[in-house]
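Structure first, then comments.
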Amino acid sequence: MKPPAVSHQPLAERLRPHQLSEVIGQQHVLGPGMPLRLAFESGRPHSCILWGPPGVGKTTIARLMADAFDAQFISISAVLGGVKDIREAVERAEAAKGGLMQQRTIVFVDEVHRFNKSQQDAFLPHVESGLFTFIGATTENPSFEVNSALLSRAAVYVLQPLSIADLKKIVALAQKEQALPAIENEAIERLVAYADGDARRLLNTLETLSMAAAQEQLAEITDAWVVRVLGERMRRYDK
């Protein structure tokens, strides 16, 4: 069996869900009859805070919400951005709303807890006026890190680390997309344990293994080979 051909498209992008039914995990809010699923099905987007650890799908859910409502998607990083980015988002939302298509806008703020009070307050009048739908992502408890005024205008959805079964589905999907050669069960178990509920960590690790396997023209990924390739990274995790 030949190893799969190397793709220049990042694995995370190749496996990115294009509709809600393709999302792996978070069925407690995305499953049939659950709160976020109902929000998607209502046809009426609402501002919300997605609270959960890294790599559980916060950005993915926000993008899918924009797709579901045919909305313009504007992403702001609270780590790198500031008032200038907020101002630009407002201008783009006004242009979309006033254009021929009268398109909705979703403003997604990653690591929203990194914005200070005045930066968070800058969103309030536009959320209240309905200019755009605000979605904040945070790894910190929003009750302590997000302004009460903004919090009162947004539903809070708690996202959970992905389960072992969820992470194994990602590995299987990567194999289905021919992003990986055959892989031993022991190696899968090791990779899933290392990912520790974080889909992004798993995808990045699979990307590393995929490139290394292609270089060595491996037909199968073994557990011993995984340990050798990821040696120091795995040892730090074991500690």
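The values are calculated or read from the model by the stated rules, or taken from the named source; none is laboratory data. These numbers come from a predicted model, not from an experiment. Please note: Cβ atoms are built from the backbone with ideal geometry, for glycine as well, and neighbour counts cover all protein chains shown.
Out of Met34, Met1, which single residue is at pLDDT below 90 and among the hydrophobic types (A, V, I, L, M, F, W, C)?
On the way: Met34 fails: at pLDDT below 90.
Only one candidate passes the filter, namely Met1.
Residues of segment 145-165 that are more than 14 Å from His113 (Cβ to Cβ) and either in contact with a Cys (Cβ under 7 Å, 6 or more places away or on another chain) or without any contact (Cβ under 8 Å) to a residue 60 or more places away in the chain (or both): Ala149, Ser152, Ala155, Tyr157, Ile164, Ala165. Annotation note: of Ala179, Ala187, the sole residue that is assigned to a helix (DSSP H, G or I), at negative phi and small (Gly, Ala, Ser) is Ala187.
Sort out which residues of segment 212-232 are surrounded by 13 or more Cβ atoms within 10 Å (Cβ to Cβ) and in a helix (DSSP H, G or I), and write them in order of number. Steps first, answer last, please.
Residues of segment 212-232 that are surrounded by 13 or more Cβ atoms within 10 Å (Cβ to Cβ), as a first pass: 212-214, 218, 220-223, 225-227, 229-230.
Matches in segment 212-232: Ala212, Ala213, Ala214, Asp223, Trp225, Val226, Val227, Val229.
Scanning segment 148-162 for residues that are surrounded by fewer than 19 Cβ atoms within 10 Å (Cβ to Cβ), touching a helix residue (DSSP H, G or I) at 6+ places or on another chain (Cβ under 9 Å) and either among the polar types (S, T, N, Q) or assigned to a helix (DSSP H, G or I) (or both) turns up Ala149, Leu151, Gln160. Just one of (1) under 26 Å from Leu80 (Cα atoms); (2) touching a helix residue (DSSP H, G or I) at 6+ places or on another chain (Cβ under 8 Å); (3) touching a residue at least 40 places away in the same chain (Cβ under 8 Å) fails for Ile170. It is (1).
When Glu111, Glu140 are checked against the criterion of being acidic (Asp, Glu) and either modelled with pLDDT under 95 or buried (at least 17 other Cβ atoms within 10 Å of the Cβ) (or both), a single residue qualifies: Glu111.
Of the candidates Ala195, Ala212, the single residue that is among the hydrophobic types (A, V, I, L, M, F, W, C) and either modelled with pLDDT of 95 or more or closer than 24 Å to Gly52 by Cβ (or both) is Ala195.
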